[in-house]
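K.L.:
Got a structure for you, written out below as structure tokens; questions coming shortly.
The values are calculated or read from the model by the stated rules, or taken from the named source; none is laboratory data. Keep in mind it's a predicted model, so treat the numbers as computed, not measured. Glycine gets a Cβ as well: all are built from the backbone with ideal geometry, and neighbour counts include every protein chain shown.
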Amino acid sequence: MSRNTLIQDLRHTIDCMPLHTRVAMLQGVREDTIIVGAYTDGDGGVCPMLSAHRRGGRTTFIQFARTWDRFTKAPKGKSRPAKERELQILTRHLEASIEAESELITASEMGSAIAEHRALVERRQVEEQASAKRARRRERTAVAASPNRIPSWMRPMGSIEEYERAMEEVGRQKVRLGLVGDTAGPVDEQAVPAQERRGTFIAG
């Protein structure tokens, strides 16, 4: 199996691990003495998976151990410290895998945020429209109930029938206010034209 194929297999196995395990493994590779061929060597050296396990990445992923040993060409039945080049490749692919998934998570979160924002805008528009309708309804109700509202008989008329009804209403209002008939109040001489006080009338 070629070197490139071994590296590709290692990357694929890394990508299959849970994100929190990859993060824990990267931390362990940077801090621990990493070995190949065994889980531990009894002198403080540990394999990458055990190092991740000790840092909270508690995932049993046997496939990684097999891929790691195959990639490093670990000797059978014994362990050895990982070479610097092997650790560099492992670190680089752990970092790349974590970054790639972090970007996907960020994009997903951004999509959710955009969808939530659009839903909020739509809700606000609906609420504003409903509020405007309620305001118009209250305004119409207030105008209809206002004591200063112009009586129907004082509004502009559009037909002879309306004019006649309005004149009848005017007559009734005059009687009610004592402006005609026996209920009329005293005449204000100052308001009577001079011609009428002298007995002079102008024929119509």
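K.L.:
Take the residues of segment 132-184 that are hydroxyl-bearing (S, T, Y) and surrounded by 10 or more Cβ atoms within 10 Å (Cβ to Cβ): which is modelled with the highest pLDDT?
P.N.:
At the first step, the residues of segment 132-184 found to be hydroxyl-bearing (S, T, Y) are 141, 146, 152, 159, 163, 183.
Retained after the next criterion (residues that are surrounded by 10 or more Cβ atoms within 10 Å (Cβ to Cβ)): 141, 152, 163, 183.
Details: T141: 80, S152: 57, Y163: 68, T183: 47.
Selected residue: T141.
K.L.:
In addition: Of the conditions (1) out of contact with any Pro (no Cβ under 6 Å at 6 or more places or on another chain); (2) over 23 Å from E101 (Cα atoms), G37 fails just one. Which one is it?
P.N.:
Failing condition for G37: (1).
K.L.:
So which residues in segment 8-55 are of a type in the set (D, E) and either outside any loop (DSSP other than H, G, I, E, B) or under 42 Å from the mean Cα position of the chain (by Cα) (or both), if there are any at all?
P.N.:
Within segment 8-55, D9, D15, E31 qualify.
K.L.:
Considering L90, L104, which residue is in a helix (DSSP H, G or I) and touching a helix residue (DSSP H, G or I) at 6+ places or on another chain (Cβ under 8 Å)?
P.N.:
Numbers: L104 fails: touching a helix residue (DSSP H, G or I) at 6+ places or on another chain (Cβ under 8 Å).
The match here is L90.
K.L.:
Let me ask another. Scan segment 12-22 residue by residue and report those that are in contact (Cβ under 8 Å) with a residue 60 or more places away in the chain and surrounded by fewer than 18 Cβ atoms within 10 Å (Cβ to Cβ).
P.N.:
Selection gives D15, L19.
K.L.:
Does segment 61-76 contain any residue that is surrounded by 13 or more Cβ atoms within 10 Å (Cβ to Cβ) and either outside the structural domain of R11 (by TED's automatic domain parsing) or more than 15 Å from L6 (Cα to Cα) (or both)?
P.N.:
Looking for residues that are surrounded by 13 or more Cβ atoms within 10 Å (Cβ to Cβ) and either outside the structural domain of R11 (by TED's automatic domain parsing) or more than 15 Å from L6 (Cα to Cα) (or both), one finds at least one in segment 61-76, hence yes.
K.L.:
Now for a separate question. Test of understanding: among T5, T67, which residue is out of contact with any Asp or Glu (no Cβ under 9 Å at 6 or more places or on another chain) and either part of a strand (DSSP E or B) or of a type outside the set (A, V, I, L, M, F, W, C) (or both)? Lay out the reasoning, then the answer.
P.N.:
Values: T67 fails: out of contact with any Asp or Glu (no Cβ under 9 Å at 6 or more places or on another chain).
Result of the check over T5, T67: T5.
K.L.:
Filter segment 29-49 down to residues that are more than 18 Å from A74 (Cβ to Cβ) and in contact (Cβ under 8 Å) with a residue 24 or more places away in the chain, then give me how many there are.
P.N.:
1
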